[in-house]
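Student: Before we start, here is the structure in question, set down as structure tokens.
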Amino acid sequence: MEFLYKMLFYISGIIIVWAMIGYPISIKIIGKIFKNRILEKDYSHQPTVTVMVVAHNEEKVIVEKLKNITKLNYPKDKIEFLIASDNSTDNTNKYVREFITENHNIRMRLYEVKARKGKTNAQNEAHKTVTTDYLVMTDANSIMDKDSVKELMAAFTSDNIAYVSGRLSIVNQMSSDVSGAESSYWDSDLTIREIEGRIQTITAGNGAIYACRTKDYFDFDPILSHDSAMPTFFALQGRRAIANHDAIAYEKAGEVIEDEFGRKVRMNRIILKFILPDFRILNIFKYKWFSYFYIGHRTCRYLLWISHLTVFITNALLISESSIYFIAFIGQIIFYLLAMLRAFSKLDNKYITMIYYYCVTILAQWIGVYRIISGRAKPTWEKAESTR
């Protein structure tokens, strides 16, 4: 049994270290090796585009969003706007109709989803009404840079590029330690995605701003999120999902831990499926860098919840074996105590806050797993008020 404990301890430890330290370092080294691979753009590529906004009870932000998208720097005869209201019960639909009436010269329409089944279902339904060449997706609480659509379209330089993700820029990183921690994590992840996209394909996008050809759109299961499902879907077809970080959307991160925790729990509603969504990913000879990217960037991160538990338990069982295991166990205890200290106090320390934020992320994975196993995972969620 001792050999089994050691094996589980080291395998789980390697997964944790690789996910959080090893892979980010390796991808930066790979990026320098392939520094000559750059993102190509063609600004003459200006096809017809539909900007789709999915909204559920977004009366607080929907008018500002409508004003924002109608000021995008893109040929007016080639752009239209589609608001997919996911069974909104507040004034969202009313405000959209009023805006359309007051701005009759703008090609905008409202699609009302009759039964609330979540964002992906609303996109699936509304997509069937789209006649333009391309779809740009954006969230109701995201403010798009005026050149964002032009930038997204410029990145579709070949038929092999099926998906382009923009950059989500967090605007309230200084508002609280929670939003600051999320901003730090997100900035690090964006660096990784930029390199992945340049070399071959990204492993995930973001819901605030992304685009695909209308003909390439696939009706995903409503429980899934385009953020994680679309890039993998296209990569397994041998096509590319890339990032153009000059296409920018601005958004607020959760300013209180309850909002950010809820968002992370929602993100993990499909965590078990996406540890390895398709065994073909393991075929490194066919999928090349994507296999390496996915296993390092996604699989290892999606295994953090079980890896931390396994490391803790096996370390406790091995503590008498040597001073190495004793020190490792004490280190873990201190790590979790620091997170608890931050949770129950207003201690203002950047590093302790990062530890706390990381532990909250792991706990959110556990809650996601529990909801999946208990059948409570669902495609709908309540918005985080501090992000509005």
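FYI, it's all coordinate maths here, none of it is from the lab. All figures in this text were calculated on a predicted structure; none of them were measured in a lab. Here the Cβ positions follow ideal geometry from the backbone for every residue, glycine too, while neighbour counts run over all protein chains shown.
Student: Taking N as the number of residues in the chain, what value does Rg over Cα atoms divided by 2.2 N^0.38 Å take?
Tutor: After normalising by residue count via 2.2 N^0.38 Å, the value is 1.04.
Student: May I pose another question? Tilt of helix 177-199 relative to the longest C-alpha principal axis of the chain, in degrees (0 to 90, nearest 10)?
Tutor: 80
Student: For V63, what charge total do you get from the other residues with a beta carbon under 11 Å from its beta carbon, if Lys and Arg give +1 and Asp and Glu give -1?
Tutor: Details: positive: K60, K65, K67, K94; negative: E58, E59, E64, E98, E102.
My count for the surroundings of V63 gives -1.
Student: Loop-only trypsin sites (Lys or Arg not before Pro) in the stretch 251-359, please: DSSP not H, G, I, E or B, and at most 11 other Cβ atoms within 10 Å.
Tutor: K346
Student: Projected area of the stretch 18-70, taken from the Cα convex hull and averaged over every viewing direction, in nm²? It would help to have the intermediate numbers written out before the result.
Tutor: Working: hull surface 30.7 nm².
If I average the Cα hull's projected area over directions, I get 7.7 nm².
Student: Please list, ordered by chain and number, the residues whose modelled amide H lies under 5 Å from the amide H of M108; skip anything fewer than 5 residues away on the same chain.
Tutor: The list, which skips near neighbours in sequence, is F81.
Student: Cβ under 12 Å from D133's Cβ, D133 left aside: what net charge do those residues give with Lys, Arg +1 and Asp, Glu -1? Working shown, then result.
Tutor: On the way: positive: K78, R213, K215; negative: E80, D216.
So the environment of D133 carries a net charge of +1.
Student: Another one. Roughly speaking, what is the centre-to-centre gap between the stretch 1-56 and the stretch 61-85 when only Cα atoms are used, to the nearest Å?
Tutor: 31
Student: Which three extents, in angstrom, do the Cα atoms of the stretch 292-388 have along their principal axes, listed largest first?
Tutor: If we take the Cα atoms of the stretch 292-388, the spans are 49, 35, 30 Å.
Student: Return the whole-Å distance between the Cα centroid of the stretch 197-223 and the Cα centroid of the stretch 255-284.
Tutor: 15
Student: For the chain, what does -39500 (n - 2.57) per DSSP helix run (n ≥ 4), summed and divided by total residues, give at 222 nm, in deg cm²/dmol to the nearest 500? Intermediate results must be reported in sequence, preceding the final value.
Tutor: On the way: 14 runs with 176 residues, N = 388.
When only DSSP H runs of four or more count, the value is -14500 deg cm²/dmol.
Student: Counting only residues 5 or more places away or on other chains, whose amide H sits under 5 Å from the amide H of Y210 once H atoms are built in the peptide plane?
Tutor: Residues meeting the criterion, in which the H sits 1.01 Å from N, are M137, G166.
Student: Select from the stretch 43-140 those trypsin sites (Lys or Arg not before Pro) which occupy a DSSP coil region and have at most 13 other Cβ atoms within 10 Å, ordered by residue number.
Tutor: Working: sites: K60, K65, K67, K71, K76, K78, K94, R97, R107, R109, K114, R116, K117, K119, K128; in loops: K60, K71, R107, K114, R116, K117, K128.
Listed in order of number, the matching sites are K71, K114, K128.
Student: What are the ³J(HN,Hα) couplings of the stretch 212-227, residue after residue, when phi is run through the Karplus curve with 6.51, -1.76, 1.60 and θ = phi - 60°? Round to Hz, x for glycine and proline.
Tutor: The phi angles translate into 8, 5, 4, 5, 8, 4, 10, 6, 6, 4, x, 6, 7, 10, 4, 3 Hz.
Student: Among the chymotrypsin sites (Phe, Trp or Tyr not before Pro) within the stretch 328-365, which fall in a DSSP loop and have no more than 16 other Cβ atoms within 10 Å of their own Cβ?
Tutor: Details: sites: F329, F335, Y336, F344, Y351, Y356, Y357, Y358; in loops: F344.
Sites meeting the loop and neighbour criteria: F344.
Student: Which pairs, out of K35/K128; K117/K215; K350/K383; K65/K114; K150/K378; K41/K146, put more than 29 Å between their alpha-carbon atoms?
Tutor: K35/K128; K150/K378
Student: Please report, in cubic angstrom per residue, the volume enclosed by the convex hull of the alpha-carbon atoms of the stretch 1-149.
Tutor: Values: hull volume 29.0 nm³, N = 149.
Cα convex hull per residue, to the nearest whole number: 195 Å³.
Student: Leaving out same-chain residues fewer than 8 places away, which aspartates and glutamates sit with a Cα under 17 Å from that of K71?
Tutor: Within the straight-line cut-off, K71 pairs with E80, E102, D139, D145, D147, E151.
Student: Same structure, new question: Sequence-distant or interchain residues sharing an amide H contact under 5 Å with Y250, placed H: which?
Tutor: For Y250, whose amide H was placed from the backbone, the distant partners under 5 Å are I143, M144, D145, S169.
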